[in-house]
Amino acid sequence: MENQFLALAHICIFTNNIAESVRFYTENLHFQLVYETTVHIDLGETQYVIVKLNDLIIELLEPQEKEAVRIGVEGTVNHFAITVKNLNTVISDLRKKNIKFMTEPFEMDDLLGGIKGVFIEGPTGEKIELFEYTGNRPF
C-alpha cells in the first residue's frame, strides 16, 4: 500500500496580537504573508493568517477568547526549527533587530553529522531554533 502521509502541513501558533506576530515572522525571519481571513470557531471570532517560508507554513490565530493564548507556556511541542545558512550572519542581523535570544549559539559535532544552532523567542513566547548543518547530513 502506498504511503498516504506526505509531509508537515503547517504549525499553528496562537497569538494575542496577530499584527505583531506577522511583523515578527515577515520582517525578521523572511516569511511572506500569503493568506488572511476571519474564521468562526469554538473560541469565537478568530483572526487567521498564514505566513510561509519556502515549504514551512505557520498558521497564526488570534482568538476572541484571549485566555486560549497561553504565552510562553511549553506544551507537548517544545519548539520548531528553521534551517538557515550562515547562522553567524543570521544571528548578527537578528541582534541588530533586538530579537530575544533564549540561548547562546551552540555547536554539536556529533549530532546529525554536525550542527550549530541558537534558540530565539517569538512574540507569543514560542521557542524557535535556528539550525545549520555543518557536516554531512545523515538523511
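Listing for the model above:
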read-out: Tabulated pairs, segment 98-114, first at positive phi, second surrounded by 11 or more Cβ atoms within 10 Å (Cβ to Cβ) and in a loop (DSSP other than H, G, I, E, B), C-beta under 7 angstrom, 6+ apart or interchain; value: Leu112/Arg137; Gly113/Gly135; Gly113/Arg137; Gly114/Thr134; Gly114/Gly135
read-out: Qualifying position, being assigned to a helix (DSSP H, G or I) and outside the structural domain of Phe31 (by TED's automatic domain parsing), among Asn88, Asn98, Asn136, Asn78; value: Asn88
read-out: Members of segment 57-71 found to be part of a loop (DSSP other than H, G, I, E, B) and touching a strand residue (DSSP E or B) at 6+ places or on another chain (Cβ under 8 Å), listed by number; value: Gln64, Glu65, Val69, Arg70
read-out: Selection within segment 93-107 - more than 13 Å from Glu27 (Cα to Cα) and among the acidic types (Asp, Glu); value: Glu104, Glu107
read-out: Residue in segment 98-108 that is surrounded by the most Cβ atoms within 10 Å (Cβ to Cβ), counting only those that are farther than 15 Å from Lys85 by Cα and of a type in the set (D, E, K, R); value: Lys100
read-out: Scan of segment 8-45 for residues that are in contact with a Phe, Trp or Tyr (Cβ under 8 Å, 6 or more places away or on another chain), in contact (Cβ under 8 Å) with a residue 24 or more places away in the chain and closer than 23 Å to Arg70 by Cα, ordered by number; value: Ile11, Tyr25
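Yes/no per residue for (1) closer than 21 Å to Leu8 by Cβ; (2) out of contact with any Pro (no Cβ under 8 Å at 6 or more places or on another chain); (3) loosely packed, with under 11 Cβ neighbours inside 10 Å; (4) modelled with pLDDT of 90 or more:
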| residue | (1), (2), (3), (4) |
| --- | --- |
| Lys52 | yes, yes, no, yes |
| Glu59 | yes, yes, no, yes |
| Gly72 | no, yes, yes, no |
| Asn86 | no, yes, yes, yes |
| Thr89 | no, yes, yes, yes |
| Leu94 | no, yes, no, yes |
| Asp110 | no, yes, yes, no |
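The values are calculated or read from the model by the stated rules, or taken from the named source; none is laboratory data. Quick caveat: nothing in here was measured; it's all calculated off a predicted structure. Using ideal geometry, Cβ is built from the backbone for each residue, glycine included, and neighbour counts are taken over all protein chains shown.
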